[in-house]
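Asks: Got a structure here, written out as C-alpha cells. Questions coming.
The values are calculated or read from the model by the stated rules, or taken from the named source; none is laboratory data. Every value quoted in this text rests on a predicted model; they were computed, and no experiment measured them. Heads up, the Cβs are rebuilt from the backbone with ideal geometry, glycines too, and the neighbour counts pull from every protein chain shown. The accessibility values were calculated without ligands, DNA or RNA, using every heavy atom of the protein model including side chains. Shrake-Rupley method; radii C 1.70, N 1.55, O 1.52, S 1.80 Å.
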Amino acid sequence: MKYYSYFPGCCMHDDSPMYDTSARAVAQVLDMELIELDDWNCCGSTPYTVVDELSAFCCCARNLALAEKRGFDLVAACSDCYLILNRTDQHFKEYPEIKTRINEALAAGGLEYHGTVRVRHILDVFANDVSSEDIKAKVKVDLGGLKVAPYYGCQVVRPTPNFDDPEYPQSLEHLIEGLGAEAVPYPLKTRCCGGSLILSEESIALGLMHKLLDNALSNGTECIVTVCPFCQLNLDAYQSMVNRKFKTNFNLPILFFTQLMGIAFGIESKAVGLKYNIVPADKVLASYVRK
Amino acid sequence: MMEIRKEGSNDFIQEISSMPGGEKINLCIQCGTCSASCPNANKMDYTPRELIAMARAGMRDEVLSSNSMWLCLSCYLCTVRCPRGIVPTYIMHALESLAMRHHLSTKRTRTPILYKVFSDTVYNVGMIPRFGCMSRFYLNVNPFGALKAVPVALGLLRHGRLQLKSKTLKPQAKHQLQTILDKAKAFGGAS
C-alpha cells in the first residue's frame, strides 16, 4: 500500500464531486491510499497572487506546512492547485526574503514550513507510481477501442515539466491505451480551454473551447478525458453555449480520466459518478458501464 | 537600447523587476516567441512582446491601462518556449497587480472585479464556492448579465453540481488561516 496526502481543492467539494469519488476509488484498486489533508484551505489560485502575492503564497504555505507534518507526497487533483502549490514551494526556495515572510506569517498561526513537501498531480501518481502492467492487470471491463481524446490543458505540464513534456506529453495516452481504449491524436491537446476567463471574458473563452472541441472531434474522438476540474466544467457545462454561439452541434462527453479508469476497473457506478456529467456519456459508454 | 531607457522612465522597469518573477524582463531579445505562442495575442491592445518593449521604454500608463495582461490565460505556453528563460506569464501577473494597485485597470475588462471577488472569498470563507462566487461577480458587474449564465447554472444545478449552501472551514482552521493572512497583509506584498 502506498500512502499520499491528498489535496482535493475547492472544486471537489463543490462542482466536481465525481472527480473526487472516482479518484479515491481508482487509488484503492491500485493499492494506494489518498489521505485527505485535514483542514486544508483554498490554494488561492492565480487571482489571489495578482491581488496580494504574499497572502496567496501564505494560503498555499499553510497547506504545505500541514502536509509537511504528515510527511507524504502532497497530491493535488486540480491542475491549478497543483501549479499554485508548486509555485509557492519554488518561490519559497528561490527567494530568501519571501521564505522569511511566509514563515513569519505562518508563525502567527503556530505553523512553520521547511520546504520539504513534494507536490504532485494525481495524473503523475496514476501514470508513474504504478506500472502499466499493473494497470492492465486491473482492467475488468474491456473498453474495446473506444476513441478517447486525451486533454491535458495547460497547467498540469507547464510551467515546470515535472513529469512529462510541456507540449507533447504522453502520460494520458499510455493510461488510455493501458485501459484498452484508443488514444486519439489531435494537435490541441495542451492548448488552454479558456477556463480562467469564462466568467469575465465569456466570448473569448467560448472561442477557445470551440477550437478545441472542433479539433478533437474532427480527429475522430468519441469523448474527451481531462485532468482538471476547470477544463472539465468548462467544456462540459458550456458546450451548449458554444453550440449556440458557433451554430455547431457538439455532443462530446467530457470525462475525468479517473472516471474512465473507474469504468475500466469496474468500480461501482456511484463512484464513477456519470450522473454529474452534463453532456450525457451513457450513449458512448453504454456497453461499458457497470450497472 | 541605452537611449530608449534614458528617454523613458526607469522607475517602471525597476518596479516590475523588483516583483518576484519580473527580474528577467531585461533579458528579452524581442524575438516574439511569446506573442506567437499566446492564444489571445490577437485580442490584445499590445502583444506580450510589445508590452515588454513598451515597459522597457518606460511607457507606464499605456501599458498599465491596456487590456493585454487581463487577457492572459496563465497557460504558460510563452514561458516554456521563451529562449531567454523569462516567465512572461509572471510579468503579465505583475502588470495586472500594478494596474490594480494604481487604479489604472481598463474599464473594458471585468477580470479585476472577478479577481477581487475571488480573493475576498478566499479570505472570508477559506474555500471557493462556485455559486457564491458567480453570483457575487455578476452582482458587481451587471446583474442582468447573470441572465445569460442562467442556462449554465441550471445545467449544473440539475446535475447536482451547484451547491447553494457553501462549505466552509472549521472555525479554528478559519481563524488560523485569517491570522496568517492578516500578518501577510501587514507586510504589504511579497516585494
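Asks: How far is helix B:171-187 tilted, in degrees, relative to the longest principal axis of the Cα atoms in chain B, given as a value from 0 to 90 rounded to the nearest 10?
Replies: So the inclination is approximately 20 degrees.
Asks: With all protein chains present, how much of the accessible area of the stretch B:72-191 (probe radius 1.4 Å) comes from carbon and sulfur, to the nearest whole percent? Mind showing how you got there, number by number?
Replies: Working: 3370 of 5680 Å².
Here it works out to 59 percent.
Asks: Once phi is turned into θ = phi - 60°, what whole-Hz ³J(HN,Hα) does the Karplus curve with 6.51, -1.76 and 1.60 give for every residue of the stretch A:156-166, x standing for Gly and Pro?
Replies: Each residue's phi maps through the Karplus curve to give 7, 10, 10, x, 9, x, 6, 9, 7, 5, x Hz.
Asks: Using amide H atoms built in the peptide plane, which far-off residues or other-chain residues are under 5 Å from A:TYR6 H to H?
Replies: HN-HN under 5 Å from A:TYR6: A:ILE35, A:GLU36, A:LEU37, A:VAL75.
Asks: How high is the relative contact order of the stretch B:52-191, given as a whole-number percent (alpha carbon pairs under 8 Å, six or more residues apart)? Intermediate results must be reported in sequence, preceding the final value.
Replies: On the way: 94 pairs, mean separation 26.1, N = 140.
The normalised contact order for the stretch B:52-191 reaches 19 percent.
Asks: Per residue, how many Å² of accessible area does the protein assembly as shown show with a 1.4 Å probe?
Replies: Each residue of the protein assembly as shown exposes 39 Å² on average to a 1.4 Å probe.
Asks: I want to verify the translational diffusion coefficient of the stretch A:41-129 in µm²/s; compute it with Stokes-Einstein, Rh as the Kirkwood radius over Cα pairs, at 10 °C and 1.306 mPa s.
Replies: Translational diffusion coefficient: 122 µm²/s.
Asks: Taking the 0 to 90 degree range and rounding to the nearest ten, how far is the long axis of helix A:53-70 tilted relative to the main principal axis of chain A, both from C-alpha atoms?
Replies: 90 degrees
Asks: Note down the Stokes-Einstein diffusion coefficient of the stretch B:9-81 in µm²/s, whole number, using a Kirkwood radius over alpha carbon pairs, 20 °C, and 1.002 mPa s.
Replies: Working: Rh = 12.5 Å.
Translational D for this selection: 171 µm²/s.
Asks: Going from most exposed to least, what order do B:ILE25, A:ILE35 have by accessible area with a 1.4 Å probe? List each step's numbers first, then the result.
Replies: Numbers: B:ILE25 0, A:ILE35 45 Å².
Largest to smallest exposure gives the sequence A:ILE35, B:ILE25.
Asks: Summing both sides, how much accessible area is buried between B and A? Use a 1.4 Å probe and give Å² to the nearest 100.
Replies: Adding both sides of the contact gives about 6200 Å².
Asks: How tilted is helix B:146-158 with respect to the longest principal axis of chain B? Cα atoms for both, answer in degrees (0 to 90, nearest 10).
Replies: Helix B:146-158 sits roughly 60 degrees off the main axis of chain B.
Asks: For chain B, which cysteines have no disulfide-compatible partner, meaning no other cysteine Cβ under 4.7 Å?
Replies: If one checks each Cβ against the other cysteines of chain B, B:CYS28, B:CYS31, B:CYS38, B:CYS72, B:CYS82, B:CYS133 turn up with nothing under 4.7 Å.
Asks: Determine the alpha carbon to alpha carbon distance for each of A:LYS99/B:LYS185; A:LYS211/B:LYS43; A:LYS147/A:LYS283; A:LYS2/A:LYS93; A:LYS189/B:LYS43 and list only those over 18 Å.
Replies: A:LYS2/A:LYS93; A:LYS189/B:LYS43
Asks: D for chain A, whole µm²/s, Stokes-Einstein with Kirkwood Rh over alpha-carbon pairs at 25 °C and 0.890 mPa s: what number?
Replies: 126 µm²/s
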